[in-house]
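Notes follow once the structure below has been shown.
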């Protein structure tokens, strides 16, 4: 078995998690290849001493890998996806962060779940991604022009709202007067979109969510659309520029640049551990059904 490892280091909280993971895989003769910057941190912190192969680019990961382990929170998985791209390598998230909708494996159950991984007794959940095309082109988003959670436009250097002219498959939908607009995948529906009042979509839903951020036109509400819809956005406002983000990556664009958002032709495979379902995660993370009277 060949496994790539990518992660974030959160000082003492992460140290025992990392040690348990490496100890398990080394004891089971699993070939490990570690992301270069992450491995340097582990050496500097004296968590690891043994030498390992490294990767530093998506071109280093190919079909010879069975899995990529992401150690951190959901943000770490989003960054890991930039290494996976269209390779089809499944991602397993081990939660060293806080909330963790995507990072399913909790630190208390690492060895149990890694046994499941070793035996390949898991299933895969395909996750839709969004691509972003900018006209005129913007070099900040030319290469990494996709997002697993959401594409967001928002105001920059101003407290004034912006206007986002939005069309779906060539038909005008609305001009949102707002602080911004979120285009979310089902995976991202439990993220930024949810905090702005958007609905939760289960991962297998073939839909996207359009969620305004603090809209001035108060009758503007989140909208669920088919995921094969082509979305065009054009932003205007008092300032000459605005921000566009693809998950955690941010670029600055000039007003009236046209953005075209589509579903990517490839998907990201997330490892699903038995009995750790999406609905169970919702109940645990959002405390659904919890009542102090119980």
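The values are calculated or read from the model by the stated rules, or taken from the named source; none is laboratory data. Given the structure is predicted, the values throughout are model-derived calculations rather than measurements. Ideal geometry is used to build each Cβ from the backbone, glycine not excepted, and the neighbour counts take in all protein chains shown.
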Could you tell me which of the residues 34, 17, 41 is modelled with pLDDT under 95 and within 24 Å of residue 112 (Cβ to Cβ)? 17
Between 169, 149, which is at positive phi and assigned by TED's automatic domain parsing to the domain that holds residue 255? 169
Give the residues of the stretch 269-283 that are in a loop (DSSP other than H, G, I, E, B) and either free of Cβ contacts under 8 Å to residues at least 40 places away in the same chain or assigned by TED's automatic domain parsing to the domain that holds residue 190 (or both), sorted by residue number. 275, 277
Which numbered condition residue 291 fails, given (1) farther than 16 Å from residue 186 by Cα; (2) in the same structural domain as residue 66 (by TED's automatic domain parsing); (3) surrounded by fewer than 17 Cβ atoms within 10 Å (Cβ to Cβ): (2)
Which residue pairs have Cβ atoms closer than 6 Å, lie 6 or more positions apart in sequence or on different chains, and pair a first residue in the stretch 203-224 that is at positive phi with a second residue that is surrounded by 18 or more Cβ atoms within 10 Å (Cβ to Cβ)? 214/178; 214/179
Residue that is surrounded by the most Cβ atoms within 10 Å (Cβ to Cβ), among those in the stretch 237-264 that are without any contact (Cβ under 8 Å) to a residue 60 or more places away in the chain and in a loop (DSSP other than H, G, I, E, B): 255
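Answer with yes or no whether residue 98 is under 24 Å from the mean Cα position of the chain (by Cα), outside the structural domain of residue 145 (by TED's automatic domain parsing), surrounded by fewer than 20 Cβ atoms within 10 Å (Cβ to Cβ) and closer than 22 Å to residue 276 by Cα.
In short, yes.
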Looking only at the stretch 102-115, decide whether some residue is in a strand (DSSP E or B) and free of Cβ contacts under 8 Å to residues at least 60 places away in the same chain. yes
Can you find a residue that is modelled with pLDDT under 90 and in contact with a helix residue (DSSP H, G or I) (Cβ under 7 Å, 6 or more places away or on another chain) anywhere in the stretch 142-154? yes
If we scan the stretch 215-224, do we find a residue that is modelled with pLDDT of 95 or more, closer than 28 Å to residue 142 by Cβ and surrounded by 15 or more Cβ atoms within 10 Å (Cβ to Cβ)? no
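Only one of 51, 31 is at negative phi, surrounded by fewer than 22 Cβ atoms within 10 Å (Cβ to Cβ) and in contact with a strand residue (DSSP E or B) (Cβ under 9 Å, 6 or more places away or on another chain). Can you tell me which?
None of the others qualify; the one that does is 31.
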Residues within the stretch 2-21 that are buried (at least 19 other Cβ atoms within 10 Å of the Cβ) and either over 22 Å from the mean Cα position of the chain (by Cα) or in a strand (DSSP E or B) (or both), tallied: 6
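Report yes if some residue within the stretch 204-212 is surrounded by 15 or more Cβ atoms within 10 Å (Cβ to Cβ) and closer than 25 Å to residue 122 by Cβ; otherwise report no.
Yes, there is a match, as at least one residue in the stretch 204-212 is surrounded by 15 or more Cβ atoms within 10 Å (Cβ to Cβ) and closer than 25 Å to residue 122 by Cβ.
Residues are listed down the side, and each one gets a yes or a no for (1) surrounded by fewer than 19 Cβ atoms within 10 Å (Cβ to Cβ); (2) modelled with pLDDT of 95 or more; (3) closer than 12 Å to residue 233 by Cα:
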site: 159; (1), (2), (3): yes, no, no
site: 169; (1), (2), (3): yes, yes, yes
site: 194; (1), (2), (3): no, yes, no
site: 198; (1), (2), (3): no, yes, no
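Which residues, taken from the stretch 135-153, are assigned to a strand (DSSP E or B) and crowded, with 19+ Cβ neighbours inside 10 Å?
146, 147, 150, 151, 152, 153
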One residue from 64, 70 being touching a residue at least 60 places away in the same chain (Cβ under 8 Å) and over 19 Å from the mean Cα position of the chain (by Cα): 64
Residue 118 passes all but one of (1) out of contact with any strand residue (DSSP E or B) (no Cβ under 8 Å at 6 or more places or on another chain); (2) under 20 Å from residue 247 (Cα atoms); which number fails? (2)
